[in-house]
Each structure stands twice: as C-alpha cells, then as structure tokens.
Amino acid sequence: MNNKFESLKLNKDILKALYNLGYNSPSKVQSEVIPRLLRYENIIVKSKTGSGKTASFAIPICETVEVDNNNLQALIVVPTRELALQVKEEISNIGRLKKIRCSAIFGKQPMKDQIKELKQRVHIVVATPGRIIDHISRGTINLESIRYFIIDEADKMLKKGFVEDMEFIFNSIPKNSIKGLFSATIDKDIKNICLEYMKDAEMVEVKNENLLNNKQISEKTVKVEDKKKYDTLKNIIYSQAPVSVMIFCNTKETVTKLYKNLKEDRFLVTELHGDMSQDKRNFTIKDFKNGKFNILVSTDVAGRGIHIDDISLVINFNVPRDKENYIHRIGRTGRKKSFGKSITMVNQKDEKYMEEIEHYIGYKIEDLDDIKKEDIALGKAKFEENNKKVLKNRKNRNEEKKVHSEVTRLYLNAGKKKKIRVIDIVGALNSIEGINNEDIGVIEVQDLCSYVDILNHKGEIILKKYKEISVKKKMVKIKKDNR
C-alpha cells in the first residue's frame, strides 16, 4: 500500500478499497485536497479535468461517514445525469468495503422510486440541481445532518441560469457543513457565490498546470470545407489509427447523421445524445467502456460524464460554441498519466470561435500536417485489424472488470412487496454457519427483489451451499448478481 495514503491514517477498509481500485499514489489534487477536507476546511479547488478530483473529495467523505448513522451525511451536486452516475460509482467503490451506501438522483427517473430509496439508509447522495431542489421542496430529503456539501464542475453549475438554483441549495443545507467547490476555471459567477457563501474558504490551485496539460494531450486543428468534412474525418481516423475515439458534435441531429454514415461504412460506432432514454445512455456508455465499440459520436452530454482512462483520440467534428466545453471535450483523453490526441475540424464560420478558445486557453493550436495517402492506407489496415480484435473480444467483455474480488453481490427474489426488510435479511444471513455482521455489506431492498454484498470471500461459500434461504419464514431464492 502506498505510504502517502497510509500516512493519512485512513480506515483500513478505505485503504483496502483504494488498493483494489489501483490507486497507487495520490495525484497532485488529491494530495492537496484530502488532508484539508479531513480537517473540515472549506475549499475552492481549481484543477484540470482528468486530474483525479472526484477521489479527492470521495475519499475524505467516505472516511468520515458514520456507517451506523441512518442520516444523509454528504451531498454532491453535479451538472449532468451521466456525471452523477460516474461519481456515484466511484464513491460506491471507495466506500464499498466500509459498507457505505451512495445514491444518484436526477431527472427523468420516477420520483416515487427515489423517495423509497431515500427512506432507506443512504449515507451520500449525488444529485443534479433540479431534482435535488424537487426533493427539498417536497420535504422528501432530510439535509439536517449534512456534513459535506460538494459542488462538482462548478464552472458549469454556476453559469447564469443556474446561480439561483445553487443559492437555493446553499440556503437549504446546514450553515456549519463543510463546503467544497471544484472547477477547471474560476470566473466571475463562481467568485460571487464564493464571496456570499464561502467567505472563509481556502483557494487550492494545483500548481504548474495550465487548463490543459500540453505534454499529455497533443492538440491540432484541420481546416476543412463542409462538403469535404466527412471524408476528412475518415482520413483522420484511418491515419491516426486510434484504439478508441470520441467524436463531438454540437447538435443531436449531427450526431445521428454522422453515426448512420459511419455505421454504413462499417465502423464499430455508437451514439450518445440527450434524446435517448437514460437507460439507453447508460448502456451506451457501459458498452463503450467495455470495448464493444471503439468510436462514440456524442453531443456535449458526454463532455463531463465519461471517465475512461484510455481514450486515445478526441475529434471535434464541430467547434464548440462554449469555449469551456473545448476543455471538457478534449479532457476525455490524456487522463491521469496517459497520453492522448485531439483534432478539431474548423471551417470558415468556425474561425472566430477557435480564436476565442485559443485566447481562453492561452496558446495557439497548430494545424495538423497534411495527411498523406500512404499514412491513410497503413493506418486503415491497422485500424481494421484493431476492429477485428474488438469483434473477437466482444463476447468476453459482457461483464465489467470486477473491482473488489472479496465481494460477491447476491440477488434475492423477495423485497418490500413480501414485507421483507433489511433487518430480516441480516437475520437470515447471520443464521448461516460462518457468516456474521462483519461479512454482510450494503443491502438494497427493492419492491420485488433485494441485493446484498457479501464480504470477505464468503459469498461463494453461501452460493455453493444454498440455492434458497429462509427470510422471515419465507423461502427466498438466491443467486449471484452479475450486473
């Protein structure tokens, strides 16, 4: 285990989880932020995308959560549904061995399901602004015991139009809660909020970093006429021969058109935009993460919501109209200590927007060298060979990589409709020889079924001995959950 994480004197289950997750050493932002949040200091953090800031607030929050306390203890507000799910996943993984329960709540989910979930023991909530305000207004969430309040992607959250929402949330949380604000940039809107609600906050700026790390991300532009754009895009993909690529467009219509064209040309491509259902968006992101496709065409809905460490190329098919979105788009590559490339396609109308972006980031982006025919031919052969590997491995990538090998997630075919409660499941599992409270992790009781984490490698033992167990004098079937 890394000495630096150990020196923070973290809970043994948090340290074990970090080890399982591959956190070998704290990133710069983590080294700066974790000790401060553990000391209950209000902070404003300026750090580039992909720097590891989610873990920088997730680790101290998980460390200080009192697991036996049924009250909500931390609230994290994020701008998009995708990011809410990503942050929830990271927090859940860090806190899983400590038995911490984290929920993501956002719009276009049934309110009644969220209310039911919030009535169970939930320690941490990750939410989008509109939906958390709905719950506050309805009185369906209790914020009285909030110890930490985090605003992630504050440059998006505190734009005009969102400021009133954020002020409402600030006024709804306990005055003595610890506040953390995280942003890639600090502008006037953020400063105004900080002056009003975070007067004693310490500014933490990760030194020696521009908005983007030029050594990790090679940025280029390509001047192109609209009528030649699609052919140029294909030539870029072939000549670069990336393992994986994200292509950003400004509208849903452009995404769908480009997706159809690429699919017709037999690229392994999928699409992502706001008109898709949340379930479809979730499955799309999961499939792309698991390597079932190597090209994702997306609107800016993915600019802040996808954390994949090995995206090798980002292409801006359209120049973003919001200069900050450029930062977040190309920040999908070159994450952590990996290297990446970004190429932005620029037509005559885009030039003024490109100038704004260059002024914003503080340097000129060079043009890509002319793409040679031999590079296209060689790259195409390499890219198509990679496609064969993707198709071959699809069957083996149906499951995401297991993070905690000592944890087995069980499915029980009984829930609230059969009057089953968490305490009933705990009692049933404790009656099994060799199982005690230390081996029982997070329990989720839904209407028709329940899910239980069994820790300490005890899950496989249960599954070998039992196909069903008695819960509240009802025989309940159990099996491994492979979600």
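The values are calculated or read from the model by the stated rules, or taken from the named source; none is laboratory data. These figures come from a predicted structure and were not determined experimentally. Don't worry about glycine lacking a Cβ; one is built from the backbone with ideal geometry, like all the others, and counts go over all protein chains shown.
A few notes on this one:
- Scan of segment 438-483 for residues that are over 17 Å from LYS99 (Cβ atoms), loosely packed, with under 14 Cβ neighbours inside 10 Å, of a type outside the set (D, E, K, R) and in contact with a Ser or Thr (Cβ under 9 Å, 6 or more places away or on another chain), ordered by number: SER470
- Test: residue in segment 241-249 that is outside any helix (DSSP H, G or I) and among the polar types (S, T, N, Q): yes
- When segment 435-483 is limited to residues that are among the charged types (D, E, K, R), in a loop (DSSP other than H, G, I, E, B) and more than 26 Å from GLY95 (Cβ to Cβ), the one that is farthest from the chain's Cα centre (by Cα) turns out to be LYS473.
- All conditions in (1) crowded, with 16+ Cβ neighbours inside 10 Å; (2) over 29 Å from the mean Cα position of the chain (by Cα); (3) within 30 Å of PHE267 (Cα to Cα) hold for ILE365, with the sole exception of (2).
- Just one residue in the set ASP375, ASP350, ASP322 is without any contact (Cβ under 8 Å) to a residue 24 or more places away in the chain, buried (at least 16 other Cβ atoms within 10 Å of the Cβ) and in the same structural domain as LEU272 (by TED's automatic domain parsing); that residue is ASP322.
- Going through (1) assigned to a helix (DSSP H, G or I); (2) out of contact with any helix residue (DSSP H, G or I) (no Cβ under 8 Å at 6 or more places or on another chain); (3) buried (at least 21 other Cβ atoms within 10 Å of the Cβ) one by one, LYS263 falls short only on (3).
- SER298 being surrounded by fewer than 21 Cβ atoms within 10 Å (Cβ to Cβ), under 27 Å from the mean Cα position of the chain (by Cα), in the same structural domain as PHE339 (by TED's automatic domain parsing) and of a type in the set (Gly, Ala, Ser): no
- At least 1 residues being in contact with a strand residue (DSSP E or B) (Cβ under 6 Å, 6 or more places away or on another chain) is the threshold, and among the helices (runs of 4 or more DSSP H) wholly inside segment 1-107 those reaching it are 28-38, 53-64, 81-95.
- Some residue of segment 220-236 being more than 30 Å from SER47 (Cα to Cα) and in a loop (DSSP other than H, G, I, E, B): yes
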